[in-house]
Amino acid sequence: MSHSIYLRKDGRWEARLSLGTDEQGKRRTRSFYGKSREEAEYKLLVSQQNLADEYAVTEMTVRELSIEFLHTSAVRLKESTAANYRMKMEKHIIPAFGDIQCCMLKSKMIYQFVEQKLKSGLSARYIADILVLMKSMFRYASREYHIRNVMNGIILPKCQKSKTTIFSHEQQEILKSYITANQNLTTLGTALSLYTGVRIGELCALQWADIDLKKRILTVRKTIQRIQCPSGKHRTKLVITAPKSHSSCREIPIPECLCAMLAQFQTDQNIYLLSGKTKPVEPRTMQYRFSKVLNNANLPSVHYHALRHAFATNCVTLGFDVKTLSEILGHSSIELTLNRYVHSSMERKQFCMNLLSWSAA
């Protein structure tokens, strides 16, 4: 509903609200008057709120809203994102609120939900993701049906930054020695992640067409992940999609030290690098194989993502500027690079502190 505010010839302010047209096509308006612009505008705002309440949908349940929101959002969501939304709705949102009418949902119920989920063992970060999804749902409901947005003002649970396990310099040297002595497709993939920072899904999706050894360029244009299926005989399926964001599509210069190892295994362009076949290796399989590499090298068990953290930290230590590193990692901002992937080891802290000196005048 559009409106206009202007000063009349009689000295009063008029706020005119457009209500569209009637059945004969004639414009319908409603006017509000005041001695000041603020008074007329206030009367207009009160009337708009009353009209919104008058036309609001009151019988839609949270289950119905969830289904409609997912359906209308599907065209703009990646398949993996839609599957993630569906899982959160079916596992958490609908069981807790499904039969409640949207207009009857109270902020107290939301905070009780958060408390229950925290007690059940879910992390604050995961619960925050659920609430962010609910915020999107109710923004849609408010926009389309004038349903009061109960999620306005809901405070997300405070997420504690988890301690990231990273490889020490000595552990990285042990890993590199093991890779040198045991060269195969799994250790090749491990070396690529350690020296380019590619994510495990991006690594699994690499084909030899993405590796240009003449120009020494690795191109990231897709990723692999396993998602839940809404129907069919299989509960999950493997999908190959574009990377997680636009900035994740990138070209990474290949370090010269990796070229000989890559050339040793190079084959037809349609072959996947990790499998040596036309069918890819999925991320959980690569994680399992990486765990075996760590075990064989007598190294502690860590998640595959630790290689990406090690790469970022090594680059900072070697003097990479943060903008260059951020683009190599495929981040949308340098803040994300600094806050999430750059870690200072105790050895680095000691080195930096030893740069200080006490010189007497």
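The values are calculated or read from the model by the stated rules, or taken from the named source; none is laboratory data. Please read all numbers here as calculations on a predicted model, not as lab measurements. Counting neighbours? That spans all protein chains shown, and the Cβs are built from the backbone with ideal geometry, glycine included.
Only one of the listed residues (Ser326, Ser332, Ser345) is more than 29 Å from Gln183 (Cβ to Cβ) and at pLDDT below 85. That residue is Ser332.
Just for segment 1-27: of the residues that are within 45 Å of the chain's Cα centre (by Cα) and modelled with pLDDT under 85, which one is surrounded by the most Cβ atoms within 10 Å (Cβ to Cβ)? Filtering segment 1-27 for residues that are within 45 Å of the chain's Cα centre (by Cα) and modelled with pLDDT under 85, the one surrounded by the most Cβ atoms within 10 Å (Cβ to Cβ) comes out as Leu17.
Taken together, the criteria place Ile154 among residues that are surrounded by 13 or more Cβ atoms within 10 Å (Cβ to Cβ) and outside the structural domain of Phe69 (by TED's automatic domain parsing).
For segment 247-291, taking the residues that are of a type in the set (D, E, K, R) and in a helix (DSSP H, G or I), the one that is surrounded by the fewest Cβ atoms within 10 Å (Cβ to Cβ) is identified as Glu256. Taking Ile174 as the residue in question, decide whether it is assigned by TED's automatic domain parsing to the domain that holds Pro243 and either within 30 Å of Asn296 (Cβ to Cβ) or surrounded by 14 or more Cβ atoms within 10 Å (Cβ to Cβ) (or both). In short, yes. Those helices (runs of 4 or more DSSP H) of segment 32-148 in which at least 2 residues are within 19 Å of the chain's Cα centre (by Cα), considering only elements entirely within it, cover 62-73, 79-88, 124-145. Looking across segment 292-308 at every residue that is surrounded by 15 or more Cβ atoms within 10 Å (Cβ to Cβ) and assigned to a helix (DSSP H, G or I), the one that is nearest to the chain's Cα centre (by Cα) is identified as Arg308. Within segment 8-30, being in a strand (DSSP E or B) and among the polar types (S, T, N, Q) holds for Ser18, Thr21, Thr29. When residues in segment 142-160 are screened for being in contact with a Phe, Trp or Tyr (Cβ under 8 Å, 6 or more places away or on another chain) and over 21 Å from Gln112 (Cα atoms), 2 of them pass. Of the listed requirements (1) buried (at least 18 other Cβ atoms within 10 Å of the Cβ); (2) charged (D, E, K, R); (3) closer than 17 Å to Glu68 by Cα, Lys117 misses just one: (3). Scan segment 167-180 and tell me whether some residue there is under 25 Å from the mean Cα position of the chain (by Cα) and either of a type in the set (Val, Ile, Thr) or in a helix (DSSP H, G or I) (or both). No, segment 167-180 contains no residue that is under 25 Å from the mean Cα position of the chain (by Cα) and either of a type in the set (Val, Ile, Thr) or in a helix (DSSP H, G or I) (or both). For segment 157-176, the count of residues that are of a type outside the set (Gly, Ala, Ser) and under 18 Å from Thr61 (Cβ atoms) is zero.
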